[in-house]
Amino acid sequence: MAKKRANAETMASKQREISVSEFFAKNRHLLGFDNPRKALLTTVKEAVDNALDACEEAGILPDIEVRIEELVAPASASKSGRYRVTITDNGPGIVRKQVENIFGKLLYGSKFHRLKMSRGQQGIGISAAGMYGLMTTGRPMVITTKPRKNKPAHHLELAMDTSKNKPEVTVDIETDDFPETSSGTGTRVVIELEARYVRGKTSVEAYLEQTAIANPHAEIVFVPPDKAGEDPGLEDASEKSPERERGAGATDEIDPTESRPGADAPGSFDAEIVRTTEHADRIVYPRAVDENPPETSEIKPHPYGVELGSFLRMLKDTPEKQLGGFFKREFCRVTPAVVKQVCDAASVKGKTFSGQTWVKNIDHASAEKIYRALQEAKLRSPPTDCLAPIGVRTMLAGLLKGVKAEFYAASTRSPAVYRGNPFQIEAAIAYGGDLPADQPARVIRFANRVPLLYQQSSCCAFKSVLETGWKNYGMSQPRGSAPVGPLVVMIHMASVWVPFTSESKEAIADYDEIRKEMKLALKECGRKLGIYIRRRQRMKREGQKRDVFERYIGEISKACEAITGTDAATLYEALMKQAKRRTEIADAVLDEDGKIVGFKDGNGRLDGDDGVIILDGNGNGNGGGAPNTPGKKPGASATGQGRSDAKVAKGSKGKQGRKKGTKPPRSREGLIETGPGNNEVVESKPAEKSRKKVVKKKLVKKKVRKKVRKKRATEGAGLFEGG
Amino acid sequence: MAKKTTKKPAGKKTSRKTPTRAGGAATASRSRGGSWAERDAKTAEAIRGLADSIVKSSLAGREPKVEVPTRSSANTKWNKSRGILQMGSARQERQLFNLGQARKFMQTLLHGQGINELIDAGKTLSLRGMYYKGLHTIAGTGGKGRAGEKTFDDQTESDAILEDLEVTIGALREELHVFAKKRGTMVGNITVIDNGDEINCRKMGTGGYAVPSICEPEVIQFKDVEADFVLHVEKDTVWQRFNEDRFWEQHNCILTEGSGQPPRGVRRLLHRLNKEHGLPIICLLDCDPWGHYIYSVIKQGSISLAFESERLAIPEAKFLGIRAKDYEACGLSDDVQIDLNERDRNRAKQIMAYPWFAENKQWQREIKKMLSNGFKMEVESLITKDISYVTEVYVPERLKAKDWLG
């Protein structure tokens, strides 16, 4: 025995408490700092999430600026460089004494101990980022925060003692050097770190873009490293005042699309599209809705979501004396009736419980009995005012901003419950337009409005996309994979507690209830897409048909003139009018100006559906070949007429749509249309009988589908309310 | 190439003469001119009526359409008592606002316009000429490096439209001032007056008289018909053999050939010789489904031209050979056998099933025999016996024995 074995004493000398910060310093991948590329993203993400949460809680419309400066460029593509990340918000600021706790301590925050929908949950994010920066560069985190309007800001530099999970304040001064924000308050965080700036699917840019989609109420300005030095004057200005910068953007900086819609009618969606704009020195994700998401309330835990251990601890910690009071204080949905029911169920001979039972008298075995009875009891589902879904219109506004497509649909499911936690699933899709047609659909996932960029394939949201039968909706879908086509799928899960698969919050865990809801939401969108795609195909067919007719009508009029002496131009116009009438469906799209056709309120083409926007960007259609122009210039007038015809068609289409279920209006043969003003001539008369049949069939189908949808909606609500 | 050039002289000739006709001057030699003018007026009227109905419905906001009698086997009826094929009453609507018909609709009107012009100018054009007449790029198509859409893709398309037009307005092709490429040859004891020129078919040398595409009485009259019958052979090569051997002189007949499926001109000529001069028509064709069908067309008329059967079909026409039995009867060598392929067999069975063959026991036997032989034979196969076996032995013997199929 050359070596002396350790004994209990020697071992005890080495045994000591492990600080949380120390643990995470060694296991930084758990928090999303696996590699320099991801470290940069995580840092930005944590800061932006915190900023958004703070702004919303304070009722301030968020203005956030993210600036990344490259201090030392990476030596090679695989190495990391040194970056400075500055995130400025217009949030409520932080009172002086909390600064070091919030930024310098892991597991310190307001969000862990409550059940409330918010972006952050655990309170590790930003302090971990600061810790990472300190570890890789030795530079402390710099925080400037201005909690009060007319007072100077606090300027702090924070280092962190990882072994003690304790912040060290190295600089603590008051300063006036804080940009003027719209709210008069705000916070700026500067972190220097070893990192690598990249572009692509998991980049800071992608994260901000998606954040902007899910948070259209926020205005985000991003200054990436390659733009940071672009224009010193502007840079200076923006550093001082993001407000001023935004003002400059609105006044002289180009782009009318940047102007805010809805200023006059808050909450309502303006017809103008707000789009992301890229400038020489920054990228602006403008605000698309001028209203913060509704404030959510905190909820007490629902018994179904509480495990025995927690239950016992709650029983031990409660200040209430009696069982009835305990239930009332600690849980939601446990009414006195339920308490009685649970107590009766848990009672056995000799040992009975009631609301008056003293909590301190309940032993372990009895507590377990009560817990079991509670789990068995029929309880109402938790309240849902704790959830703030993005909402159909807002999702559409977000997608419109970030994704250039032609068809947008969104749907919000009714709230549902997994393990006692209420949650709500939303889905939206964007189709067509500039999206690549030959690649698998892009799936963007959100949890409480935070984009999830990593671990797509293990995420419940992605799986639900794979499991949805997109072929039913006119998309191609290889077996077991995402649909292929110009499609972006957005899935959002709102919940008081989003079940992530890991601490780095990258993928949503796969609960059956969640996946089911996701699939239902996708199906709702898919159905709308299917209708649109089919309609588009039909419009395309009609458009092609019109082209064919138009080509021949010129020849025919000329031939008829040669034979009978009838004026070819007159004949041409008469025939073109007929051709237009017969292929009218094509018009509805072809003659649009490429602007919004409308939301579903009567103008859109999917009957009475709010969750759909259709843009027509490709105004090519039928204008291609110049029409034949025998005699005078019927070509020009014909086109002009087509345009106004289309408007009529469009306007009355809604009417028609509503009527559709009952009886398609007969077109009247033999009547001479009086031109663009005539609203009567709407329904295109199918040229052949067979097509008439098809149309009728379609109507019937639609009717059925509507019914089913309605039924589903009520079922969904019932499921939730009934528990 | 040949198509374009062959008709030149004839075209010139007509155009030379017709202006007077169109001018309406009632000059001497126009006893037939009167009838032409009537026919022209009728045709022009029909075309105008067609266009008028289109204009009317267009201006009234109704769908313009043309009713075209269906030219398909389904709409072909076998008139048993008369022994000819006739077109049924089925009509097809050709609509402008129907994707599948729009182009044909346009083409129908283009040709209507062309024919209208021809009638006005008193000129005639070949089928190919009509194709070029209607051919142009449709305005508004093409550009940007793309070729525009042509009114006609090829002559076939144009020909079909002309046939449609014939049945639609109930006019014959010649009444539309359109003629086909000349095909077919004639020689024999007959004199023909072709557009006023007397042609003695006994003195046609080795080439023979080229049968024009229009053989109406107004253009072609017969004179000195001394022949006893007409021997129609399938193709030029066989015809040459007979002509060189002066067969028509020795047997006092007329010798014609139709270069395969005989064109309308030849069929009209045979029809008229048969009807006007009572000459029996004897056919010498190959022993294969193709030859059988040529006979069928001569005898009963064809499906696509069923509407003209009455002026083309010759129910009395006889099929002299080659017969399926001839391989043994003439002692031919194995070398002349050409194996029936799958298509031949199917076609033979199809022909057997035609109602006008189905009830003919002789023909049922004949085709069955060919099928059981498993091979077909051409007329030329007789050359293996002797160069002039066909003219000196085969045909004379069969004629004498009246060994033919009817």
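The values are calculated or read from the model by the stated rules, or taken from the named source; none is laboratory data. Keep in mind the model is a prediction, meaning the values are calculated, not measured. Positions of Cβ are generated from backbone atoms using ideal geometry, with glycine treated the same way; all protein chains shown enter the neighbour counts.
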The lone exception for residue A:540 - which of (1) part of a helix (DSSP H, G or I); (2) modelled with pLDDT of 90 or more; (3) more than 17 Å from the chain's Cα centre (by Cα) it fails: (2)
Criterion (of a type in the set (Gly, Ala, Ser) and either more than 25 Å from residue B:87 (Cβ to Cβ) or surrounded by fewer than 17 Cβ atoms within 10 Å (Cβ to Cβ) (or both)) met by exactly one of B:210, B:171, B:180: B:210
Failed condition for residue B:45, given (1) free of Cβ contacts under 8 Å to residues at least 24 places away in the same chain; (2) more than 7 Å from chain A (Cβ to nearest Cβ); (3) crowded, with 22+ Cβ neighbours inside 10 Å: (3)
Looking only at segment A:173-193, and only at residues there that are in contact with a Ser or Thr (Cβ under 9 Å, 6 or more places away or on another chain) and not in a strand (DSSP E or B), the one that is nearest to residue A:59 (Cα to Cα): A:185
Close pairs (8 angstrom Cβ cut-off, 6 or more residues apart or separate chains): over 13 Å from residue A:68 (Cβ atoms) and among the hydrophobic types (A, V, I, L, M, F, W, C) in segment A:194-212, outside any loop (DSSP other than H, G, I, E, B) and modelled with pLDDT of 90 or more anywhere: A:206/A:451; A:212/A:220; A:212/A:285
Residues being modelled with pLDDT under 90 and among the hydrophobic types (A, V, I, L, M, F, W, C) - total across segment B:354-381: 3
Single condition residue B:124 does not satisfy, out of (1) at pLDDT 90 or above; (2) closer than 19 Å to residue B:263 by Cβ: (1)
Selected residue [farther than 30 Å from residue B:47 by Cβ and free of Cβ contacts under 8 Å to residues at least 40 places away in the same chain] from B:134, B:205, B:140: B:205
Odd one out for residue A:326 among (1) touching a Phe, Trp or Tyr at 6+ places or on another chain (Cβ under 6 Å); (2) assigned to a helix (DSSP H, G or I): (1)
Helices (runs of 4 or more DSSP H) within segment B:296-373 that include 2 or more residues not hydrophobic (A, V, I, L, M, F, W, C): B:309-312, B:326-329, B:342-353, B:361-373
Filter result (surrounded by fewer than 22 Cβ atoms within 10 Å (Cβ to Cβ) and either of a type outside the set (Val, Ile, Thr) or over 29 Å from residue A:301 (Cα atoms) (or both)) within segment A:487-503: A:488, A:497, A:499, A:500, A:502, A:503
Candidates B:62, B:71, B:82, filtered to the one that is surrounded by fewer than 19 Cβ atoms within 10 Å (Cβ to Cβ), in contact (Cβ under 8 Å) with a residue 24 or more places away in the chain and not in a strand (DSSP E or B): B:82
Single match in A:389, A:319, A:383 (criterion: assigned to a loop (DSSP other than H, G, I, E, B) and exposed (fewer than 13 other Cβ atoms within 10 Å of the Cβ)): A:319
Residue in segment A:282-302 that is closer than 30 Å to residue A:379 by Cβ, in contact with a His (Cβ under 6 Å, 6 or more places away or on another chain), surrounded by 14 or more Cβ atoms within 10 Å (Cβ to Cβ) and modelled with pLDDT of 80 or more present: no
Filter pass, residue B:105 being in contact (Cβ under 8 Å) with a residue 40 or more places away in the chain, over 19 Å from residue B:178 (Cα atoms), within 14 Å of chain A (Cβ to nearest Cβ) and among the aromatic types (Phe, Trp, Tyr): yes
Hits in segment A:542-574 (condition: within 7 Å of chain B (Cβ to nearest Cβ) and closer than 22 Å to residue B:115 by Cβ): A:552, A:554, A:555, A:556, A:559, A:560, A:562, A:563, A:564, A:566, A:571
Residue list for segment B:374-406, filter: crowded, with 20+ Cβ neighbours inside 10 Å, in contact (Cβ under 8 Å) with a residue 60 or more places away in the chain and in a helix (DSSP H, G or I): B:379, B:382, B:390, B:391, B:394, B:395
Wholly enclosed strands (runs of 3 or more DSSP E) of segment B:135-219 bearing at least 1 residues within 14 Å of chain A (Cβ to nearest Cβ), at pLDDT below 85 and within 23 Å of residue B:311 (Cα to Cα): none
Whichever residue in segment B:87-102 is touching a helix residue (DSSP H, G or I) at 6+ places or on another chain (Cβ under 6 Å) and outside any loop (DSSP other than H, G, I, E, B) and, among such residues, is nearest to the other protein chains (Cβ to nearest Cβ): B:102
Residue tally, condition buried (at least 23 other Cβ atoms within 10 Å of the Cβ) and touching a strand residue (DSSP E or B) at 6+ places or on another chain (Cβ under 6 Å), over segment B:282-294: 3
